[in-house]
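Student: Got a structure here, written out as structure tokens. Questions coming.
The values are calculated or read from the model by the stated rules, or taken from the named source; none is laboratory data. Quick caveat: nothing in here was measured; it's all calculated off a predicted structure. FYI the Cβ positions are ideal-geometry reconstructions off the backbone, even for glycines, and counts take in every protein chain you see.
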């Protein structure tokens, strides 16, 4: 890997929401993105006119030792094809960054209340912006079948988890 780095500020932190590095059942959860005190409250002026945010966050529960770029099967399931580390949406990529698109519920000062943010409590937020439809992918989005299979329970609310036994 390159030894070139950039410095990225942390602009806020996730409060509440998920905890514990779950692979699934991320849906239906309300979280707060609490902006740091040095971010002026008027930095989000007008944001309530938008339904969703694009939030970039840091996988703080991972570590540099977790980075894994060679091909491997998602979730170590041999039923799914081995793909390179830059294909996977997890903490094992070099920068350990993720992007989520939670629904904005309301804003209270520097607290942005959101639903379906798949970052854990305490997660550092490095950027956020209102979602513009025109900035989403243009044209058809294609993918193999395995992401749909692997993520079938991703947005299921935790209260709807299947029980076994």
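Student: Among the residues of segment 99-156, how many are part of a loop (DSSP other than H, G, I, E, B) and either closer than 19 Å to residue 44 by Cα or within 18 Å of the chain's Cα centre (by Cα) (or both)?
Tutor: Here the count works out to 21.
Student: Just give me the residues in segment 63-82 being under 18 Å from residue 98 (Cα atoms) and without any contact (Cβ under 8 Å) to a residue 24 or more places away in the chain, in sequence order.
Tutor: Answer for segment 63-82, where residues must be under 18 Å from residue 98 (Cα atoms) and without any contact (Cβ under 8 Å) to a residue 24 or more places away in the chain: 63, 64, 65.
A quick yes/no check of all residues on (1) surrounded by 12 or more Cβ atoms within 10 Å (Cβ to Cβ); (2) touching a helix residue (DSSP H, G or I) at 6+ places or on another chain (Cβ under 8 Å):
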site	(1), (2)
70	no, no
97	yes, no
100	yes, no
107	yes, yes
123	yes, no
149	yes, no
152	no, no
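Student: Checking the structure you have, find out if any residue of segment 64-85 is under 19 Å from the mean Cα position of the chain (by Cα) and closer than 13 Å to residue 118 by Cβ.
Tutor: no
Student: Report the residue count in segment 17-37 for those that are at pLDDT 90 or above and either under 20 Å from residue 90 (Cβ atoms) or assigned to a strand (DSSP E or B) (or both).
Tutor: The total comes to 6.
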